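Coordinate-derived values only; no laboratory data. Note that the structure is a prediction, hence the values are computed from the model and not measured. FYI the Cβ positions are ideal-geometry reconstructions off the backbone, even for glycines, and counts take in every protein chain you see.
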Amino acid sequence: MKNQTHPNMPLAKSIPYKYILFVILILLADFVVENINHKFQQNDFKVYYEAAKALTGGQPVYGVAFSLGSGYFKYSPFTAMLFYPLTLLPYYVAGIIEFIFTSVAIILTSITIANLLSTYVFKRESKYPNLILFLSFLCIITHMVRELELGNVNVLILFLLCLSLRFILQKKMAWAGLFIAIVIITKPFFVLVLIPLLMRRYFKTLFTTAISLVLFLILPALFLGIEKDLSLHREWLNAMLIHANAFPSPNTIDAVIRNNINSPLTASLQYIIMLFLLVPYVLFVRANIKNGVKNKDENSAGFVMEWFTLLAIIPSIFKTDTEHFLMTLPVILFILIHLFSHRNTTLTVTFILLIILYAGNSSDLLGKELSIKVYNLGILGISNVLLTGMGLYIFIGNILKESRQAKNSLSGRPS
């Protein structure tokens, strides 16, 4: 396909008002129901809130159960500082503000992803933007409801990562580096996003990211002192190690393999799997870079898919909550846009089945006992890998198809 858009054009010709109104109504209904049922507790947000209060009040931050479940604060001191302004408000009011932030992020993130895909990958605006966005929201709704119920920050992180991608594509490298640093200081396993940046030699973004990370590490020392800052960071590292070893996640590739093989496996299996995934990923990036040199129109498309693919696969590598699988939203939107522009019954049926596995585990639908069994089987993790693979299959297939068409047009043969 010829590029029908300019790289600096607005990322949307029209605003999907119908989709925005639909999501607002759904989220408003969710807020009302949660409050009527006295379930508006946001246990994850409570951890951030109480940790910020403890940090500024000179109380212990790490190793203290601030909430139910995995209610221990396992994030950086800088992350705790980000939540300090909300601690000036009563918890319930702060929770409402956090709910609003997340709700706005849900809308903006999905629209940003769709615009990035339309502008840089498909090179045209979809004929059905509202319907596609609506379906993408349904695909992630079980994870989204849990995100809102717990008051987590995964959607906000996804939004920052999408903005970072957009800034890089618009040559605003410093802003991209700042946002990437905020993400990494909050959840360090996102350091993997530096791989495509390094391979593509986006050194300005890498430099800004590094400088920002250093500033985020030393900023608490301005308020707490150097000794206290160092002590807090040691406690933070220890908290991350404890969480990584103790968190029971059956949805990683490592867990799926271990749970289905009776014989003992090496403790380093997770790192072997990571290497097994990252080697072909690096080859994928390298192929995109080469293809981009030949065809500048495809350079941005390759980078967008590299970014979104990496985000989708991260929850399948590291032990984490199910809400982290919201990172697959960009791949889901990519597949949906493709299916609406290329009618393919086999791919459509496959996608529907994978989405049922990806988002169908709800205790309200399956019952608590069956829901727990499905969770322990790692169905979510398996479906996530397959969805990501499907996205790559479609993207690479399109590249090969367009390459053949280009060769045929040069040779004068019909495509």
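Brief remarks on what is shown
- Annotation: for a label point projected 7 angstrom from Cα along Cα→Cβ of Phe207, residues of region 158-187 with backbone N closer than 15 Å are 172-178.
- Summed side-chain charge close to Ala244 - residues other than Ala244 whose Cβ falls under 11 Å, Lys, Arg +1, Asp, Glu -1: +2
- Region 224-319 - charge dipole about Cα centre, Lys and Arg +1 at Cβ, Asp and Glu -1, debye rounded to 20: 240 debye
- Surrounding net charge for Leu198, when Lys and Arg each add one and Asp and Glu each subtract one, Cβ distance under 13 Å: +3
- Region 302-327-region 37-78 distance, computed between alpha-carbon centres (Å): 25 Å
- A convex hull fitted to the Cα coordinates of region 42-86 yields 57 cubic angstrom per residue.
- Calculated log₁₀ intensity ratio I(q)/I(0) where the Debye formula runs over C-alpha points of the chain, q = 0.07, 0.13 Å⁻¹: -0.35, -1.25
- Residue order, fewest to most surrounding Cβ atoms within 10 angstrom, among Glu125, Glu50: Glu125, Glu50
- Label point 7 Å beyond Cα of Lys18 along Cβ direction - residues of region 112-127 with amide nitrogen under 14 Å: 126-127
- Only Lys, Arg (+1) and Asp, Glu (-1) charged, at Cβ; the chain dipole about Cα centre in debye: 1800 debye
- Computed over the chain: relative contact order in percent, which uses C-alpha pairs under 8 Å that are six or more apart: 19 percent
- Taking Arg286, Arg343, Arg258 and counting other C-beta atoms within 10 Å, the order from fewest to most: Arg343, Arg286, Arg258
- Fluctuation leader among Asn291, Asn37, Asn376 - the chain, Gaussian network, Cα springs under 10 angstrom: Asn37
- Distance between region 209-283 and region 352-393 - C-alpha centres, whole angstrom: 24 Å
- In the structure shown, the pairs Lys18/Lys127; Lys39/Lys74; Lys187/Lys319 are assessed against 22 Å; a Cα-Cα span above that value is assigned to Lys39/Lys74.
- Residue exposure sequence - Met327, Met199 - by fewest surrounding Cβ within 10 Å: Met199, Met327
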